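The values are calculated or read from the model by the stated rules, or taken from the named source; none is laboratory data. Keep in mind the model is a prediction, meaning the values are calculated, not measured. As a convention, Cβ positions derive from the backbone with ideal geometry for all residues, glycine included, and neighbour counts pool all protein chains shown.
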Amino acid sequence: MKSFFRLLFRSLLIGLLGLITLLVAKTIMFSSRQIAVEPIQPLQIPEGASARLSTSLQIPSLAGSEGAVFARLDTLLRAQFPRAFSQLQVEQIGQGSLLLKWPGKQAKLNPILFMGHLDVVPADSAHWIYPPFAGTIADGFIWGRGAIDDKMSVWAILEAIEWMISEEYYPDRTLYLAFGHDEESQGKDGARQIGQWLASRDVRLDFVLDEGSFVVSNALDGLEAPLAAVAIGEKGFVSFTLKIDLAEGGHASMPPSFTAVGAMAYALERIRQHPFPASMGGVTGQFFDYVGPEIGGFNRVVLANRWLFSSLLIDKLSADPAANALIRTTAAPTLIQGGIRDNVLPLQVEATVNVRILPGETIASAQAYLEKIIDNPAIKISVADNNYGGDPPAPSSTEAFGFQVLQKTIGEIFPEAVVAPTVSAGFTDSRHYRAVSGQIYRFSPILLSKEDLKGMHGVNERISEENYARMIRFYRQLIRNACQ
Ligand SMILES: [Zn+2]
């Protein structure tokens with residue numbers, strides 16, 4: 001008997017040692033995906049760049065504004081960037097969108113396209129340190145609605161081009177600039193029309209760059225370097241209507257055990273209790289392949305051995321709403337209506353659940369999952385009428401020219417940052433370009449803290465002058481790298 005226990009103990013010990021060896025080996029083999037590039041010394045940017053962005057923030061180009069507001073921005077752009085507007089071909093599209101073309105010398109190279117948008121969301125000035133439409137420059141920042149969403153993209157790209165023209169730079173590859181005026185209201189008159197305009201002329205884009213994830217400091221536990229996440233995919237967007245329609249209600253003084261309100265509340269609670277399954281594959285897996293080797297300590301062991309630690313990792317990520325959104329399809333109840341009086345049991349109750357679908361899944365699979373979880377034939381689920389989203393697009397490739405050139409440029413301008421592919425939880429105007437390009441990337445070259453991100457669509461939106469200068473250098477370098 002004694003020898004049996006000794007044998008058991010020995011086998012367990014050998015097993016444990018084997019496991020440790022495997023964990024260590026996997027951790028050592030977890031090699032970096034970062035590329036070695038020579039950092040570029042910061043160049044002096046054109047004088048007056050901050051003031052020009054500030055002027056643009058003083059025009060309150062709210063989404064849905066009439067054409068005259070965007071005409072003012074158009075006039076301003078032409079006055080501020082005279083070289084760009086004379087050398088590039090300019091096309092006015094819709095109520096206030098612009099498509100600019102900088103023709104390349106080599107027709108055989110597929111063109112590329114940078115996006116940006118001119119419209120902004122409203123701002124309630126109550127809690128702002130500086131008024132949202134004053135474009136104040138103070139404390140090293142340019143303050144105002146649109147400072148990081150998204151006038152800085154439009155202005156920084158044009159600053160770079162104006163600068164390059166003055167240096168007598170001529171691109172080999174054609175560069176398009178697409179500046180929409182209704183991104184915040186789904187881009188129907190702007191980006192959609194620009195996408196159609198390009199498609200009707202058989203333009204095939206090598207890649208598209210849209211606003212998107214930032215370079216974020218303190219992004220992850222154990223990662224000391226700032227994280228430059230480039231969104232290679234985006235989640236799908238759909239709203240489902242949940243409807244219950246009973247033949248009879250009963251009296252509120254003698255309620256039956258099954259009521260329309262009770263059934264709907266229970267269904268919504270079932271959705272909360274049964275989140276969509278998490279995925280560690282696809283872009284999420286790629287993200288950890290890029291980030292993991294740059295992380296120190298035990299976190300690196302965990303990320304190198306996701307085959308063993310995936311449930312631990314999923315539990316941890318699920319607890320943080322931002323991380324949770326990257327590993328699974330999410331469902332958020334957003335509207336609910338039912339009932340007409342406090343003493344009448346309603347027959348109909350309707351709820352809306354907004355679902356953001358992870359690449360690889362579809363609207364149909366999300367609906368099937370909700371039906372299974374709710375498991376109540378009395379509740380009918382359908383796609384809401386105002387649906388303007390769709391299935392998530394196939395993610396772009398990290399092997400493609402677009403990602404490679406972005407990774408190189410990030411290395412040159414943000415040498416301290418770690419680059420990783422990711423999925424955007426929001427959905428952008430870039431979907432209107434799917435017909436003209438298979439490679440769409442979403443990235444804004446600005447270094448922010450998690451705190452700074454709150455200004456986007458919130459109060460005290462601002463960009464530091466240092467960030468803005470780096471942004472201009474980034475686009476100049478990106479054009480040089482991509483267009484030769
Ligand atoms: Zn935006």
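Of note:
To keep it simple, each residue is scored yes or no on (1) over 16 Å from the mean Cα position of the chain (by Cα); (2) without any contact (Cβ under 8 Å) to a residue 12 or more places away in the chain; (3) closer than 14 Å to Val283 by Cβ.
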{"position": "Phe403", "(1), (2), (3)": "no, no, yes"}
{"position": "Gln407", "(1), (2), (3)": "yes, no, no"}
{"position": "Glu412", "(1), (2), (3)": "yes, no, no"}
{"position": "Pro421", "(1), (2), (3)": "no, no, yes"}
{"position": "Thr428", "(1), (2), (3)": "no, no, no"}
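- Taking every residue in the range 320-346 that is acidic (Asp, Glu) and pairing it with any residue that is surrounded by fewer than 16 Cβ atoms within 10 Å (Cβ to Cβ), at least 6 positions away or on another chain, the pairs with Cβ-Cβ distances below 9 Å are Asp342/Ala252.
- Hits in the range 11-44 - residues which are modelled with pLDDT of 85 or more and either of a type in the set (D, E, K, R) or in the same structural domain as Lys151 (by TED's automatic domain parsing) (or both): Arg33, Glu38
- Leading residue by the ranking (surrounded by the fewest Cβ atoms within 10 Å (Cβ to Cβ)) among those in the range 367-384 that are over 30 Å from His251 (Cα atoms) and without any contact (Cβ under 8 Å) to a residue 60 or more places away in the chain: Lys372
- Residue match in the range 209-224 (condition: acidic (Asp, Glu), more than 12 Å from the chain's Cα centre (by Cα) and outside the structural domain of Thr428 (by TED's automatic domain parsing)): yes
- Within the range 109-123, residues that are under 13 Å from His181 (Cβ atoms) sit with their Cβ atoms under 6 Å from residues that are basic (Lys, Arg), at 6+ positions apart or across chains, in these pairs: Val120/Arg145.
- Annotation: of all residues in the range 200-229 being away from the ligand (no atom under 16 Å from the Cβ) and crowded, with 24+ Cβ neighbours inside 10 Å, the one that is farthest from Ile327 (Cα to Cα) is Phe207.
- Residues of the range 336-366 classified as farther than 28 Å from Ser279 by Cβ, of a type in the set (A, V, I, L, M) and surrounded by fewer than 18 Cβ atoms within 10 Å (Cβ to Cβ), total: 4
- Complete set of residues in the range 99-130 that are more than 21 Å from Tyr170 (Cβ to Cβ) and within 16 Å of the ligand (Cβ to nearest atom): Met115, Gly116, His117, Leu118, Asp119, Val120, Val121, Pro122, Ala123
- Candidates Gly104, Gly146, filtered to the one that is assigned to a loop (DSSP other than H, G, I, E, B) and at positive phi: Gly146
- Within the range 252-288, the residues that satisfy the criterion of being over 27 Å from the mean Cα position of the chain (by Cα) and charged (D, E, K, R) are Glu269, Arg270.
- Here Ala156, Ala134, Ala178, Ala199 are screened, and the one residue that is touching a residue at least 12 places away in the same chain (Cβ under 8 Å) and under 20 Å from Ile45 (Cβ atoms) is Ala156.
- Scanning the range 190-208 for residues that are more than 19 Å from the chain's Cα centre (by Cα), outside any loop (DSSP other than H, G, I, E, B) and either among the basic types (Lys, Arg) or not assigned by TED's automatic domain parsing to the domain that holds Met456 (or both) yields a total of 0.
- Top-ranked residue in the range 161-185 [being part of a strand (DSSP E or B) and within 16 Å of the ligand (Cβ to nearest atom); ranked as surrounded by the fewest Cβ atoms within 10 Å (Cβ to Cβ)]: Leu177
- Odd one out for Val238 among (1) touching a residue at least 24 places away in the same chain (Cβ under 8 Å); (2) closer than 25 Å to Val383 by Cα; (3) of a type outside the set (Asp, Glu); (4) surrounded by fewer than 20 Cβ atoms within 10 Å (Cβ to Cβ): (4)
- Test for Ala71: is it under 20 Å from Gly190 (Cα atoms), surrounded by fewer than 15 Cβ atoms within 10 Å (Cβ to Cβ) and either of a type in the set (Gly, Ala, Ser) or in contact with a Cys (Cβ under 8 Å, 6 or more places away or on another chain) (or both): yes
- From the options Lys316, Lys408, residue that is among the charged types (D, E, K, R) and at pLDDT 95 or above: Lys408
- The condition (being of a type in the set (A, V, I, L, M), more than 27 Å from the chain's Cα centre (by Cα) and closer than 22 Å to Arg476 by Cα) is satisfied by just one residue among Leu43, Leu77: Leu43.
- Strands (runs of 3 or more DSSP E) fully within the range 378-484 counting 3 or more residues that are away from the ligand (no atom under 16 Å from the Cβ): 379-383, 418-424
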